[in-house]
Amino acid sequence: MTQRSSSPRIPLPAPLAGQPFSVGEARQNGIGEGRLRGTDLARPFWGVRGPAIAGGFTELCHAYLTRARPSAFFSHVTAARLLGIRLPFRLLESDVLDVAVPAPKRAQQARGIRGHKLRLRPGDLTVRDGMAMTSPVRTWCDIAGLLNDEELLAAGDTLLWWRNPLTYPAEIARAVANHRGAARSALHRTVSELSARADSSPESSFRHRFALAGLPRPEVNLQLYDAQGNKVAMPDLCFPEFTESFDYEGDHHRTDPRTWQSDIQRVRRLAKIGYHHTRAAAADLADSREILDQLRTDLRAKGWAG
């Protein structure tokens, strides 16, 4: 029995091939409804066609721009993800896009879109990778109501992160002072606790928990030296006055042999300069009561009067 071959698809014209495009653009290029219903074309949003979005979240945002209003921009969680602001995993599970327009324009509502209308101040918008979005500071203020204090600190630390700062302390202070949203009090509580040295969300989380437990304020990623001026270690958090140091070790510390060996040597090097070192893992992040009690005991043994 002879198998009938399927008809070849009509090739897309060069301006549309290999990238997302709007239905309007397709019609202008002579593409009919039948071709737009082709199984080789994804439909990430109403009025948008293109190849399957395999490149990730940024490519999904670029796909949306083919149908976006000229006044639209990304905001809230979408802007935070595009800017690299640290977020809890629960906010990364959905690819629904936050799309905003300046008030009093009407917020857009459509499949795959969460619409907002925002009152903007000078400097509230920026452009990254060809996409308009709220600035890092405005984004942090806008997502504050979605985060608890610990998550807000981790996200805020990203704004000042020494390896790739997104803004400056003065700009953050000014934005918080001008913010009128429901999370204003949380922002005011957090802004004085921000650090430019936190390299991960767990570091921020433990720093926040230390404060709630009444422990001394730790130094963040402070480089420690021996008596000869040689570098010894740069713990996540440490209390130099009490020669106590602390590291959170993610799972790669266990699974990567080189990292595991380095961690063992690190403890020995710290001991040589008189530091007691505490190592924390995921279980301690889930429930920190035991490790906080132990740190309290260790600090008191070193002379802390708290």
Fill in: Residue check, Arg121 in a loop (DSSP other than H, G, I, E, B), surrounded by fewer than 16 Cβ atoms within 10 Å (Cβ to Cβ) and in contact (Cβ under 8 Å) with a residue 40 or more places away in the chain
yes
Worksheet, complete the sentence: Exactly one of Gly229, Gly250 is surrounded by fewer than 17 Cβ atoms within 10 Å (Cβ to Cβ) and at pLDDT below 95, and that one is Gly250
Fill in: segment 223-243 - residue that is touching a residue at least 24 places away in the same chain (Cβ under 8 Å) and under 26 Å from Ala155 (Cα atoms) and, of those, nearest to the chain's Cα centre (by Cα)
Asp236
Practice prompt. Tell me, yes or no, whether segment 259-278 has at least one residue that is in contact with a helix residue (DSSP H, G or I) (Cβ under 7 Å, 6 or more places away or on another chain), within 25 Å of Leu194 (Cβ to Cβ), modelled with pLDDT of 95 or more and part of a helix (DSSP H, G or I).
Written response: no
Fill in: Enumeration of residues in segment 201-222 that are part of a loop (DSSP other than H, G, I, E, B) and free of Cβ contacts under 8 Å to residues at least 60 places away in the same chain
Arg217, Pro218, Asn221, Leu222
Worksheet item: When Ala198 is evaluated against the numbered criteria (1) part of a loop (DSSP other than H, G, I, E, B); (2) surrounded by fewer than 20 Cβ atoms within 10 Å (Cβ to Cβ), which criterion, by number, is the only one it fails?
Response: (2)
Worksheet item: at pLDDT below 95, more than 18 Å from the chain's Cα centre (by Cα) and surrounded by 15 or more Cβ atoms within 10 Å (Cβ to Cβ), is that true of Ala183?
Response: yes
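The values are calculated or read from the model by the stated rules, or taken from the named source; none is laboratory data. Predicted model only: the values in this text are computed from it and were never measured. Ideal geometry is used to build each Cβ from the backbone, glycine not excepted, and the neighbour counts take in all protein chains shown.
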